[in-house]
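Take a look at the structure set out below.
The values are calculated or read from the model by the stated rules, or taken from the named source; none is laboratory data. Not measured: the values here are computed from a predicted model. Backbone-built Cβ (ideal geometry, glycine too); neighbour counts: all protein chains shown. When the accessible area is computed, the model is the full protein with side chains, heavy atoms only, and any ligands, DNA or RNA have been set aside. Shrake-Rupley method; radii C 1.70, N 1.55, O 1.52, S 1.80 Å.
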Amino acid sequence: MSDTAETKLYEPPAALAGQAHVSGRAAYDKLVAEAEADYEGYWARLARELVTWKTPFTQVLDQSDAPFFKWFADGTLNVSYNCLDRNIERGLGDKTAIVFEADDGAVTKVTYSELLARVGKLANALKARGVKKGDRVVIYMPMSIEGVVAMQACARIGATHSVVFGGFSAQSLRDRIEDAGAVMVITADEQARGGKHLPLKSIVDEALAMPGTGSIKDVIVYKRTGGNIAWKDGRDLWLHELSAAAPEHCEPEWVGAEHPLFLLYTSGSTGKPKGVQHSTGGYLLHAALTTKWTFDLKPDDVFWCTADIGWVTGHTYITYGPLALGGTEIVFEGVPTYPDAGRFWKMIERHKVTIFYTAPTAIRSLIKAAEANDAVHPKSFDLSSLRILGSVGEPINPAAWEWYHLHVGGGRCPIVDTFWQTETGGHMITPLPGATTLVPGSCTLPFPGITAAIVDETGNDVPNGQGGILVVKKPWPSMIRTIYGDPERFKKSYYPPELKGYYLAGDGAIRDEKTGYFTITGRIDDVLNVSGHRMGTMEIESALVSCTDLVAEAAVVGRPDETTGEAICAFVVLKRPRPTGDEAKAIAKQLRDWVGKEIGPIAKPKDIRFGDNLPKTRSGKIMRRLLRSLAKGEAITQDTSTLENPAILDQLAQTN
Ligand code: PRX
């Protein structure tokens with residue numbers, strides 16, 4: 001983005017900057033310089049300040065087995081102790097930790113002392129069921145206090161949790177259970193979203209009826225709606241019964257800093273979703289530090305991250321970061337459009353939210369609704385409590401940024417556009433609200449200590465103003481440690497030999513010539529970003545071709561979408577003559593439902609097109625760039641002389 005006359009700049013508001021944890025650009029520059037001068041010393045200082053260690057570490061960064069880096073390896077700690085007991089010892093026992101708002105608007109609050117008691121009981125119950133340090137526990141829960149309790153209880157006993165988003169199908173759940181070799185599933189009877197009750201336990205039952213799930217011994221069920229569910233005696237246990245019988249006090253399991261706190265499955269460009277493994281010490285440090293600096297979290301703040309705990313944003317900025325700092329946060333069960341599209345604004349008003357963190361897709365859909373109906377426009381609510389806004393998960397277009405800034409933030413709240421990934425554990429490139437001048441659409445500058453850079457295919461720096469590949473030059477504390485069970489894939493995916501030992505993010509980016517600000521230009525691999533949810537094109541293709549009765553071949557690409565950022569477009573060759581008209585519509589629906597069942601509703605293609613074949617070169621390679629143009633509805637201007645079957649393009653240009 002060039003610094004043209006039209007580019008509006010937004011300075012940090014003076015009052016906010018004056019009080020901020022990182023106050024003014026000079027303070028930011030000083031931190032960057034500190035990290036540059038003594039990289040390990042910088043991180044060690046912060047790790048001592050923000051984390052309470054049972055045994056202090058003496059080593060900082062161990063690079064002896066690169067790229068399997070270790071941080072603070074000889075230190076021991078417990079994450080749940082850091083998030084709960086430590087705050088109570090500091091006198092915050094009666095402070096509200098979580099304000100939970102249910103789908104129907106009912107509010108429940110828990111203090112730090114109450115949360116600790118609930119975590120202690122569940123932790124003891126897990127232990128009593130034989131769950132041990134290092135065991136993997138799958139959590140398939142609705143947004144709830146119990147979801148946070150389940151994660152914290154695992155952390156307390158050193159079990160490694162693997163949360164599976166409640167929108168994933170039985171098949172996806174099965175795949176994750178098998179890959180992780182999990183011993184237990186914690187779930188709920190149902191979830192309440194948008195006025196409806198949606199199944200969870202029955203999906204677990206379906207997953208556990210599939211092969212490969214024999215490692216699961218118990219299923220713990222949180223009673224959320226009281227809906228009818230099947231029950232398998234000897235395997236299924238009610239969470240409330242187990243907790244009632246268990247003592248409150250549970251001594252934390254002190255684990256090494258490198259002990260795996262969690263696995264979280266995410267999509268890559270090839271193969272099945274990969275289990276991103278995170279550490280304990282380095283992860284907790286960055287979760288706490290970024291919550292403190294990026295959101296400028298203070299004792300009186302009411303923090304609301306709207307993400308689901310099934311995604312990394314919910315891990316770092318609901319379950320761990322805000323609690324590690326003794327903050328008060330909102331946990332919301334429902335959806336932004338129920339009972340109407342004013343729900344977010346109403347909740348900000350009701351709970352006097354001061355920091356609000358959401359995704360561009362949500363903002364874009366709420367803009368549409370607000371423009372059509374004053375009653376759900378932010379101006380119809382008192383949003384004066386807000387002081388900082390955040391954006392995450394996908395690029396925020398300048399028009400949505402300006403609207404968010406003006407109508408939600410009243411023109412006075414900085415927007416932190418936070419770039420990061422499941423693999424990075426926390427923010428990587430982001431403004432700091434009291435220090436960074438904002439440019440809409442740019443995630444601005446690296447978080448202090450993060451050595452983000454843009455390079456070419458051989459790992460050489462490219463000058464500002466010229467786009468390239470986003471990398472991180474040095475390891476950082478909260479980075480992915482490995483892909484669970486597949487260290488070779490970890491190396492191949494993130495540390496390709498040609499990149500000089502830099503971490504490959506998988507995104508393209510460009511830096512402004514004058515300011516050095518980063519703008520993310522999107523994924524450079526076959527990963528799509530739909531409504532801020534990450535999806536591999538290969539995964540969707542495999543789901544389609546697994547419909548063996550119907551599908552012979554399929555290719556999936558993304559195309560820009562005004563609301564969801566990207567939309568999924570599938571090109572399909574059937575095992576029967578190419579359908580048209582109503583038949584094409586009916587088969588497209590059937591395939592959409594199939595993908596929903598194989599992966600989950602978020603993976604359903606928006607657009608399905610049928611052809612007698614796919615555009616291929618004479619050597620049989622699918623020409624995806626042509627498919628991308630077709631998906632966008634562009635006329636084909638590219639060279640098609642190497643194409644085996646050019647006539648196919650007209651067929652594939654037709655939508656159903
Ligand atoms: O393409 C980038 C995009 O989301 C990807 C990471 O997705 P996931 O691992 O699901 O984590 C999402 C929540 C952190 C990135 O590779 N992305 C994330 N944040 C931004 C972004 N793209 C542009 N701007 C952002 N602020």
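Here the extension length gained between residue 548 and residue 298 equals 84.4 nm, from 0.36 nm per residue of separation less the Cα-Cα distance. As I understand it, the dipole of the range 531-653 uses +1 on the Cβ of Lys and Arg and -1 on the Cβ of Asp and Glu, about the Cα centre. Which of 646, 543, 596 lies farthest toward its positive end? Final value for the positive-end residue is 543.
Here, the chain has an Rg and a Dmax of 24.4, 73 Å when only alpha carbons are counted. Once the Cβ-Cβ distance of residue 249 and residue 52 is raised to the sixth power relative to R0 = 22 Å, the FRET efficiency obtained is 0.75.
Averaging 1/r over each pair of different alpha-carbon atoms in the range 99-234 and inverting the result gives 15.2 Å, the Kirkwood hydrodynamic radius. When both bridge partners sit in the range 531-653, DSSP labels roughly 75% of those beta bridges antiparallel. For the range 531-653, pairs of C-alpha atoms spaced more than 20 angstrom apart make up 40 percent of the total. The share of C-alpha pairs in the range 354-402 whose separation exceeds 15 Å stands at 51 percent. Remark: spin-label model distance residue 642-residue 458 equals 2.3 nm, labels positioned 7 Å along the Cα→Cβ axis.
What do you get for Rg/Rh of the range 617-656 when both radii come from the Cα atoms and Rh is the Kirkwood radius? With Rg and the Kirkwood Rh in hand, the quotient comes to 0.93. Each label was represented as a point 7 Å from its Cα along the Cα-to-Cβ direction; for residue 655 and residue 108 these points are 4.3 nm apart. What the chain shows is 37 Å² of accessible area per residue, with the surface traced by a 1.4 Å probe over protein heavy atoms. Give me the count of lysine pairs in the range 577-639 whose alpha carbons sit under 20 angstrom apart, restricted to pairs 8 or more positions apart or on different chains. Taking the range 577-639 as the scope, the lysine pair count is 11. Sorted largest first, the spans of the alpha carbon positions of the range 258-376 along the three principal axes are 51, 42, 21 Å.
Solvent-accessible area of residue 592, all protein chains in place: 60 Å² (probe radius 1.4 Å, heavy atoms, ligands and nucleic acids excluded).
Accessible surface of residue 482, taken over heavy atoms with a 1.4 Å probe and every protein chain present, rounds to 20 Å². Solvent-accessible surface of protein heavy atoms, probed at 1.4 angstrom with all chains present, puts 622, 483 in the order 622, 483, largest first. Look at where the Cα atoms of the range 286-306 and of the range 377-407 average out, and the two centres are 17 Å apart. Straight-distance candidates among the lysines for linking to residue 298, with alpha-carbon spacing under 17 Å and chain neighbours fewer than 8 residues away dropped: 95, 352. What's the longest bit of the chain with no exposed GluC sites (Glu not before Pro), using DSSP loop states and at most 11 other Cβ atoms within 10 Å as the test? It works out to 7-456.
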